[in-house]
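First the structure, in the form of structure tokens, and then the observations on it.
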Amino acid sequence: MKKFWLVFMLLIMGISIFATETLVIKGSNTVFPIAQLWIEELKKQYDIRITLEGAGSSTGIAALFNGTADIANSSRWLKDKELVRMHEEGKYFVPFIIGYDGIAIIVNKKLNIESISLEELKDIYTGKIRYWAQLNPNLPKKPIVVYSRNTASGTFETFENIVLKGEKMSPTVRMVESTQLEIDSVKNNPYAIAYTGLGYVTEDVKILKVEKVMPTKATILSGEYPISRPLFMFIDATNGLPDRGPVKIYINFAVSKKGQELVEKAGYIAAYGF
Amino acid sequence: MYRELKYLLNTITIFAVATLSIVILTLIFIFMISESLPALKSVGSEIFTSFNWYPTYDDAEYGLLTMIVDSFLLTFLTSLVVIPLGYIVSAYLYAYANLREKEIVRSVLDLLSGVPSVVIGSVVLIYIAPVLITFEIWSTENLLLTIIGLTILSLPYVVSLTYESFESVDKVLFESALALGSSRFSALFIVITRAALPGILNAFILTVNRIMGETMVVLMVSGNANIIPKSLFDPLRTLTSAIASEMGEVELGSLHYSVLFVAGLILLIISLILTWISKSIQRSWKH
């Protein structure tokens, strides 16, 4: 899959060299599928060249500083050191919220559990709780098989911030490369637990309530569901926001009705219009 | 005149192409070393003495030791399975199989060696892993599966190399042994094996090298948990899978990035040592 994107990107890059008006977008892999849908749609309507690269939120923002990207996708807010650097370099980045991502906690359908607290979740992922029976005596006395996305993933970052709160994940946690693999493992393994973006969850697994709240569109938008995050795109507005041109077109489309519908299509929660 | 010019042109072309590969190799070395220097300088010995790998946290820890141990452990255990297996298969091919059987086995192995490792990883993950659950093994990505995957992957390799070293021995030796009344079994395992020993050892070392550097299968089925497995059903994480899994989104130029290059450098050095051993075995064979 990664190779496919690499070829895809190289292809776009190759084409873009000959284009005059190019829009360069870099950043979060979480936002990548949204941006991809947007670009597909935009290319039908306008004659602009857009290159999209998913290399992580930090890389995107760093590219915005260097001027090698016009738009940085990010699944997190700016870090302190980035704010300081902005101040030092006299730059001003404007954030746009483009949608929300809720992280669902999933277990096997056969497991007799409906709800979990943030505290319990933290104990599972830091290795303090190792058996399901420790959580609740009614649960089987079997080891919990814990799955996580690898550290490169934006979902990991959010989970770490909200659930682990700075504590380190136990080394026994299996770091896997893809969300699909997590879902398949939970589907097949009656004692597994994993977390994934809400948009990816299928019928094959059970979603747990966290702090007694079910992750739904409503609870994520209202902030009731604890493990969710806004998704951003940052634009360098040191010299003001552009009045015309590809950046302007892109922003307008992102917050438009069609653009927000595509956010939902990519598996996330639209920020506007609902 | 024309001939000389042609000769000169040919020489230059060949020389340039040959130099190019050497230059590329040298550049890779320089690149690896220069990228890993920042980590070696500022993290220092922690890399080789600490078991904790938490590169993305605020109080980051960059210990590669768990992965180094896992890499060696996995290579050792896989070699323990695949080398005897490969030896037996190639012994069968050499001494027992008739032409038809030979053809079938060899072409199957050739086909197998062409299967991409990602496909082997998927097959193991999708078809073998669920079987474990029926045996009440809940950890479905583990050491055992990784060994199975790597065995499938490297068997063709070890068979063809070992078989070649058998073939390089003069056929007369085998036939005279048989003529003197030895059985096929002892002729092969004593006479031919002794004659082909350097070649066989060489084949084993190259296989070990191959297993050590394999990434995709390991990444997919090892479970990627940073622990040293205590049983066959525990997950593990090797240097190669750490690089493959984290290089994609690491911040360029950061310490984390640099430590991943140290991991690469370790693999490169191991591979160099193995290649050197293999070369010196070949050399001693010739004299």
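At a glance:
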item: The stretch A:109-162, subset buried (at least 17 other Cβ atoms within 10 Å of the Cβ) and of a type in the set (F, W, Y), residue nearest to A:P190 (Cα to Cα); result: A:W132
item: Test: residue in the stretch A:29-38 that is at pLDDT below 90, more than 16 Å from A:L231 (Cβ to Cβ) and out of contact with any helix residue (DSSP H, G or I) (no Cβ under 7 Å at 6 or more places or on another chain); result: no
item: Verdict on B:I68 being under 14 Å from B:L236 (Cα atoms), in a helix (DSSP H, G or I), more than 10 Å from chain A (Cβ to nearest Cβ) and hydrophobic (A, V, I, L, M, F, W, C); result: yes
item: Filtered residue count, the stretch B:229-257, keeping only those that are part of a loop (DSSP other than H, G, I, E, B), among the hydrophobic types (A, V, I, L, M, F, W, C) and under 17 Å from the mean Cα position of the chain (by Cα); result: 0
item: Which listed residue is farther than 24 Å from B:I228 by Cα and in a helix (DSSP H, G or I), from B:L145, B:L125, B:L173, B:L150; result: B:L173
item: Wholly within the stretch A:71-147, helices (runs of 4 or more DSSP H) carrying at least 1 residues that are in the same structural domain as A:I235 (by TED's automatic domain parsing) and either over 27 Å from the mean Cα position of the chain (by Cα) or β-branched (V, I, T) (or both); result: A:80-89
item: Single unsatisfied condition, B:T56 versus (1) in a helix (DSSP H, G or I); (2) within 14 Å of another protein chain (Cβ to nearest Cβ); result: (1)
item: Of residues in the stretch A:163-190 being in contact with a Gly (Cβ under 7 Å, 6 or more places away or on another chain) and within 8 Å of another protein chain (Cβ to nearest Cβ), the one surrounded by the most Cβ atoms within 10 Å (Cβ to Cβ); result: A:R174
item: Any chance B:A177 is more than 14 Å from chain A (Cβ to nearest Cβ), surrounded by 17 or more Cβ atoms within 10 Å (Cβ to Cβ) and over 21 Å from B:P84 (Cβ atoms); result: yes
item: Conditions (1) surrounded by fewer than 19 Cβ atoms within 10 Å (Cβ to Cβ); (2) away from every other protein chain (no Cβ under 14 Å); (3) of a type outside the set (D, E); number of the one not met by A:M233; result: (1)
item: Of all residues in the stretch A:163-181 being under 16 Å from A:V107 (Cα atoms) and assigned to a helix (DSSP H, G or I), the one that is farthest from the chain's Cα centre (by Cα); result: A:L181
item: Verdict on B:L20 being more than 14 Å from every other protein chain (Cβ to nearest Cβ), in contact (Cβ under 8 Å) with a residue 12 or more places away in the chain and assigned to a helix (DSSP H, G or I); result: no
item: Residue check, B:V105 in the same structural domain as B:T207 (by TED's automatic domain parsing) and modelled with pLDDT under 90; result: no
item: Checking A:Q260 against (1) outside any loop (DSSP other than H, G, I, E, B); (2) among the polar types (S, T, N, Q); (3) without any contact (Cβ under 8 Å) to a residue 60 or more places away in the chain, the condition it does not meet; result: (3)
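Results for (1) within 13 Å of B:D70 (Cβ to Cβ); (2) surrounded by fewer than 18 Cβ atoms within 10 Å (Cβ to Cβ), shown as yes or no for each residue.
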{"position": "B:L155", "(1), (2)": "no, no"}
{"position": "B:V158", "(1), (2)": "no, no"}
{"position": "B:T215", "(1), (2)": "no, no"}
{"position": "B:S222", "(1), (2)": "yes, no"}
{"position": "B:L232", "(1), (2)": "no, yes"}
{"position": "B:V250", "(1), (2)": "no, no"}
{"position": "B:L260", "(1), (2)": "no, no"}
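Yes/no matrix, rows are residues, columns are (1) in contact with a helix residue (DSSP H, G or I) (Cβ under 9 Å, 6 or more places away or on another chain); (2) modelled with pLDDT of 90 or more; (3) more than 21 Å from A:I269 (Cα to Cα):
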{"site": "A:F18", "(1), (2), (3)": "no, no, yes"}
{"site": "A:E41", "(1), (2), (3)": "yes, yes, no"}
{"site": "A:D47", "(1), (2), (3)": "no, no, yes"}
{"site": "A:D70", "(1), (2), (3)": "yes, yes, yes"}
{"site": "A:K79", "(1), (2), (3)": "yes, no, yes"}
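Conditions tested, residue by residue: (1) over 24 Å from A:T68 (Cα atoms); (2) surrounded by 14 or more Cβ atoms within 10 Å (Cβ to Cβ); (3) under 18 Å from the mean Cα position of the chain (by Cα).
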site	(1), (2), (3)
A:T219	yes, yes, yes
A:E224	yes, yes, no
A:I227	yes, yes, yes
A:T238	no, no, no
A:R244	no, no, no
A:I251	no, yes, no
A:L262	yes, yes, yes
A:A270	yes, yes, yes
A:G273	yes, no, no
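The values are calculated or read from the model by the stated rules, or taken from the named source; none is laboratory data. Owing to the predicted nature of the structure, the values given are computational and were not obtained by experimental measurement. Neighbour counts are summed over all protein chains in view; Cβ atoms, including those assigned to glycine, are modelled from backbone coordinates with ideal geometry.
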